[in-house]
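The values are calculated or read from the model by the stated rules, or taken from the named source; none is laboratory data. Owing to the predicted nature of the structure, the values given are computational and were not obtained by experimental measurement. A quick note on method: Cβ atoms are made from the backbone with ideal geometry, for glycine too, and the neighbour counts reach across all protein chains shown. Please note that ligands, DNA and RNA were not included when accessible areas were found on the heavy atoms of the full protein model with its side chains. Shrake-Rupley method; radii C 1.70, N 1.55, O 1.52, S 1.80 Å.
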Amino acid sequence: MKVAEDRTGVATWGGTPKEVQARLGRSHADQVLVLAFDKIDGSVFETLAANVSSVASSMFDVLLQRHDNESLERLAEVLVPRAPVAPRLLKEAAMWVKARRAVLDSGDWLTAAQIAELAGLSRVNPSTQPNKWKRQGAIFAIHHNGVDYFPGFGLDPGSQFRPVKALAKVIEAFGGHKDGWGMAYWFHSDNGFLGGQRPQDLLATEPERVIEAARDEVQDIAHG
């Protein structure tokens, strides 16, 4: 666990929840601020932790040493973005949030435990088989609030709720171009190649058309 402390009394800790919890149990701090990451690359985490430590140290050093307008201005520069957020980025963020909410509200997504119940899988460790399917490229998942959700439309009731075979070819087509959320948006959206229908509504009945639509989408991405 990464630990950084300075003379201002500010400490930054990084590690797993258990490691940080153990450190907190020995801490006499008055207040604590926590940043949690569901998934983050190790090297990215190391860099981020170092930057947060540096910012925290600089910020409180300013507050403790000086209290005039200049110090407040320096503090503001640390806390606010270097430049105003572009309206375009705000618009894109709003669209992204709307799209994610639409996917989550659709009722088309199942946890590993729900799949285990439908498919008659072992309930001792229900995530084992769905995660195996995901590793094999037979199905994909979206990650939300620490939980993986799998597409219900990607399971075939006629084969005991195993993955629809065509889904693997769609995932293969999108390899390197769309992550789980990207594929979720694509399946959920009206598709011009499919005559305005959603890919998820045709996956079981017209799988070849959906596969071709995915390949067409990749070509559009490749050509900008």
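What is the residue count in the range 193-224 for residues that are in a helix (DSSP H, G or I) and loosely packed, with under 14 Cβ neighbours inside 10 Å? Step through it out loud before you land on a result.
Within the range 193-224, the first condition is being in a helix (DSSP H, G or I), and the residues that meet it are 193-194, 199-202, 207-222.
Those left that are additionally loosely packed, with under 14 Cβ neighbours inside 10 Å: 208, 219-222.
Looking only at that region, the number is 5.
Report, by residue number, each residue of the range 180-224 that is among the β-branched types (Val, Ile, Thr) and more than 24 Å from the chain's Cα centre (by Cα).
THR205, VAL210, ILE211
Can HIS144 be described as open to solvent by 60 Å² or more (accessible area, probe 1.4 Å) and modelled with pLDDT under 95?
No: the conditions fail for HIS144.
Across the range 154-179, what is the total count of residues that are under 19 Å from the mean Cα position of the chain (by Cα) and open to solvent by 70 Å² or more (accessible area, probe 1.4 Å)? Spell out the reasoning first.
From the range 154-179, those under 19 Å from the mean Cα position of the chain (by Cα) are 171, 174-179; that's our starting set.
Remaining after also requiring open to solvent by 70 Å² or more (accessible area, probe 1.4 Å): 176-177, 179.
Looking only at that region, the number is 3.
All but one of (1) within 22 Å of GLN200 (Cβ to Cβ); (2) without any contact (Cβ under 8 Å) to a residue 12 or more places away in the chain; (3) open to solvent by less than 40 Å² (accessible area, probe 1.4 Å) hold for LEU121; state the number of the condition that does not hold.
Single failed check for LEU121: (1).
Only one residue in ALA116, ALA213 is small (Gly, Ala, Ser) and under 29 Å from PHE37 (Cα atoms), so which one is that? Write out each step before concluding.
Numbers: ALA213 fails: under 29 Å from PHE37 (Cα atoms).
Only one candidate qualifies: ALA116.
Could you tell me whether any residue of the range 57-75 is in a helix (DSSP H, G or I), open to solvent by 80 Å² or more (accessible area, probe 1.4 Å), aliphatic (A, V, I, L, M) and at pLDDT 80 or above?
no
Looking at the range 87-192, what helices (runs of 4 or more DSSP H) fall wholly within it and have at least 1 residues that are of a type outside the set (A, V, I, L, M, F, W, C) and farther than 22 Å from GLU217 by Cβ?
87-105, 112-119, 128-135
Looking at the structure I just gave you, is ALA116 farther than 22 Å from ASP201 by Cβ and open to solvent by less than 60 Å² (accessible area, probe 1.4 Å)?
yes
With the structure loaded, tell me whether ASP179 is touching a residue at least 24 places away in the same chain (Cβ under 8 Å) and of a type in the set (Asp, Glu) or whether it fails that test.
The answer is no for ASP179.
Quick test for you: out of ARG209, ARG198, ARG162, pick the one residue that is over 16 Å from SER106 (Cβ atoms) and without any contact (Cβ under 8 Å) to a residue 24 or more places away in the chain.
Selected residue: ARG209, the only one of ARG209, ARG198, ARG162 that is over 16 Å from SER106 (Cβ atoms) and without any contact (Cβ under 8 Å) to a residue 24 or more places away in the chain.
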